1. How would you rank Ser133, Ser76, Ser89, going from fewest to most other Cβ atoms within 10 Å of each one's own Cβ?
2. What list of ³J(HN,Hα) values in whole Hz, one per residue of the stretch 56-67 in order, does the Karplus curve 6.51 cos²θ - 1.76 cosθ + 1.60 (θ = phi - 60°) give from phi, with Gly and Pro shown as x?
3. Would you mind getting me the FRET efficiency between Glu128 and Glu34? Use the beta-carbon distance for r and R0 = 35 Å, nearest 0.05.
4. Would you calculate a helix-derived [θ] at 222 nm for the chain, using -39,500 (n - 2.57) for each DSSP H run of n ≥ 4 and dividing by the full residue count, to the nearest 500?
5. With a 10 Å Cβ neighbour count serving as the proxy for reagent exposure, in which order, fewest first, do Asp43, Asp68 appear?
6. Translational diffusion coefficient of the chain at 37 °C, 0.692 mPa s, Stokes-Einstein with Kirkwood Rh over Cα pairs, in µm²/s as a whole number.
7. Calculated FRET efficiency, Gln15 and Leu85, Cβ-Cβ r, R0 35 Å, to nearest 0.05?
Amino acid sequence: MYGLVNDALQELLIQRFGEESWRAIAARAEVSEEVFVAHEGYDDAITYRLVGAACEELSLSAEQLLVDFGEHWILSTARTRYPNLLRASGLREFLLNLPNLHARIALTFPHLAPPSFECVELEDGSLEVRYRSHREGLQSFVLGLLQGLSRHFATPAAVEHVARKGEQGRDHDLFRLRLEAVS
């Protein structure tokens, strides 16, 4: 993963738990980098070790930490570092154009191995998001991303992880967003 992922995780953990906790997490994860270079590639194992160490150090579940990290990614990291990527007229438009977003991001990060997202509008007005990735265990992060996007676009939505990759031969995780009527 690129350094910007580890940097954003570090930022979240320091904001919520303090610098001392971050140092303990980094030591537990055996990560010596004090600064992650945003556009430099790092082994995915570093990110996984940091998440695992944070969960152990802070007595958190990986699922909750990853949901929080997904929300933080949208509401802090993306808003401040990549505001142009979040420009859309609304949540629905943004999700329907996710494949184009990753194509634009790939121009900045040439060695990026991004996940793929496919969004489908359902007859009842809800949205289905199909998530495919070669990286395992990040479904809760995606759930947090979708919740963060709902908040960013001020579009209340119930976000649910309705099916997992591997179930019934499925090659993707499936999320459903039920957009709530705004009164």
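All of the numbers you see were taken from the coordinates with simple rules; none came from a lab. Everything quoted here is computed from the prediction, not taken from an experiment. Cβ sites come from the backbone with ideal geometry, for glycine too, and all protein chains shown count toward neighbours.
1. Values: Ser133 18, Ser76 15, Ser89 8.
So the ranking, lowest neighbour count to highest, is Ser89, Ser76, Ser133.
2. 5, 5, 9, 6, 10, 7, 4, 4, 5, 4, 5, 4
3. Values: r = 42 Å, r/R0 = 1.19.
Result of the calculation: an efficiency of 0.25.
4. On the way: 7 runs with 82 residues, N = 183.
After summing the helix terms and dividing by residue count, I get -14000 deg cm²/dmol.
5. Numbers: Asp43 9, Asp68 19.
With the sparsest Cβ surroundings first, the list reads Asp43, Asp68.
6. 191 µm²/s
7. Once the sixth-power term is evaluated, E becomes 0.95.
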